[in-house]
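Enquirer: Have a look at this one before I ask anything.
The values are calculated or read from the model by the stated rules, or taken from the named source; none is laboratory data. Predicted model, so just to flag it, every value in this text is computed and none were measured. In this analysis, Cβ positions are derived from the backbone assuming ideal geometry, glycine residues included, and neighbour counts consider all displayed protein chains.
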Amino acid sequence: MEVNQKNVRWIGGLFLAAMVLYGVGNTLISSTLDSSSTALDRLNLGLGILLSFGNSMAVVVLAVVIYPYLEIYNKRIALGYLCARLFEALMLAVGMISLLSVAGLEQSHPKVDAAQLIVMVAQKSNFWAYQLAMLTLGVGSIGFCYTLWKLKWVPTFLAIWGLVGYLGLALGAIFELFGYPIGLIMSLPGGLFEVAFGIWLCLKGLSFDKINAFA
């Protein structure tokens, strides 16, 4: 298989872009909704939502670009990873749409109690959408990391790091859905893996000289 390492580095850039876009966007959204002010800062909220939508777009492009590499060696894993990423992007977008409704509804309901209720409902909707997205991403990425390890596209430690990180991401989402607020801590290894993996792809690319067939 002829591999264009430039395309591989683009994949690394998309991993990093998705993390930055969602991280900055979520920070702006959280700071706005958690503000003690009764009037929402629509500029910060809108910018945060826009950046988060950018994350969903980056995730979709990432899933499509990486699919051909996985498909050659295992179509089921490739399709599973593609579907997981697309579902992640969809759920995160749904969460952003629920938050986008906050600004308009808050303007239609100027009373403090009504505005606070609207914010709470939107935040809860976004919470569920986010956790479902992370659960799907975690489960769907286990096969992806197995492929990285089996075909030795990256160093073993990085592939194992991804396996452990995504498993923790999935378990953390399950705990969050059942009311145990430890998802953030359990998602850290997975989040750091995506940063490290993105940097590795940008600097080193993928090692296709040691490809092994699936057992």
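Enquirer: Kindly list the number of the only condition in (1) part of a helix (DSSP H, G or I); (2) touching a residue at least 12 places away in the same chain (Cβ under 8 Å) that fails for residue 153.
Expert: (1)
Rundown of residues vs (1) assigned to a helix (DSSP H, G or I); (2) within 13 Å of the chain's Cα centre (by Cα); (3) modelled with pLDDT under 95, yes/no style:
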position: 98; (1), (2), (3): yes, no, yes
position: 107; (1), (2), (3): yes, no, yes
position: 120; (1), (2), (3): yes, no, yes
position: 129; (1), (2), (3): yes, yes, yes
position: 142; (1), (2), (3): yes, no, yes
position: 162; (1), (2), (3): yes, no, no
position: 202; (1), (2), (3): yes, no, yes
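Enquirer: Additional query: Going through 140, 198 one at a time, which residue ends up being among the small types (Gly, Ala, Ser), buried (at least 20 other Cβ atoms within 10 Å of the Cβ) and within 15 Å of residue 84 (Cα to Cα)?
Expert: 140
Enquirer: Quick one: in the stretch 144-173, which of the residues that are over 22 Å from residue 204 (Cβ atoms) and of a type outside the set (A, V, I, L, M, F, W, C) is surrounded by the fewest Cβ atoms within 10 Å (Cβ to Cβ)?
Expert: Looking only at the stretch 144-173, we keep the residues that are over 22 Å from residue 204 (Cβ atoms), and these are 167-173.
Still in the running and of a type outside the set (A, V, I, L, M, F, W, C): 168, 172.
Numbers: 168: 20, 172: 25.
Looking at residues that are over 22 Å from residue 204 (Cβ atoms) and of a type outside the set (A, V, I, L, M, F, W, C), I get 168.
Enquirer: Follow-up. Examine the stretch 79-90 for a residue that is of a type in the set (Ser, Thr, Tyr), modelled with pLDDT of 65 or more and under 19 Å from residue 45 (Cβ atoms), and state whether such a residue exists. Quick ask: steps written out before the conclusion?
Expert: Filtering the stretch 79-90 down to residues of a type in the set (Ser, Thr, Tyr) leaves 81.
Now restrict to residues that are modelled with pLDDT of 65 or more: 81.
Subsequent filtering for residues that are under 19 Å from residue 45 (Cβ atoms) retains none.
No; the residues of the stretch 79-90 include none that is of a type in the set (Ser, Thr, Tyr), modelled with pLDDT of 65 or more and under 19 Å from residue 45 (Cβ atoms).
Enquirer: Which one is modelled with the highest pLDDT, of the residues in the stretch 32-65 that are surrounded by 21 or more Cβ atoms within 10 Å (Cβ to Cβ) and among the β-branched types (Val, Ile, Thr)?
Expert: Here the residue is 59.
Enquirer: Could you grab the pairs with beta carbons closer than 9 Å, sequence gap of 6+ or different chains, first residue in the stretch 183-195 and among the acidic types (Asp, Glu), second one buried (at least 21 other Cβ atoms within 10 Å of the Cβ) and assigned to a helix (DSSP H, G or I)?
Expert: 194/15; 194/18; 194/162; 194/165
Enquirer: For the stretch 148-159, what are the residues that are aliphatic (A, V, I, L, M) and touching a Phe, Trp or Tyr at 6+ places or on another chain (Cβ under 7 Å)? Full working, then the answer.
Expert: Of all residues in the stretch 148-159, those aliphatic (A, V, I, L, M) come to 148, 151, 154, 158-159.
Within the stretch 148-159, 151, 154, 158, 159 meet the criteria.
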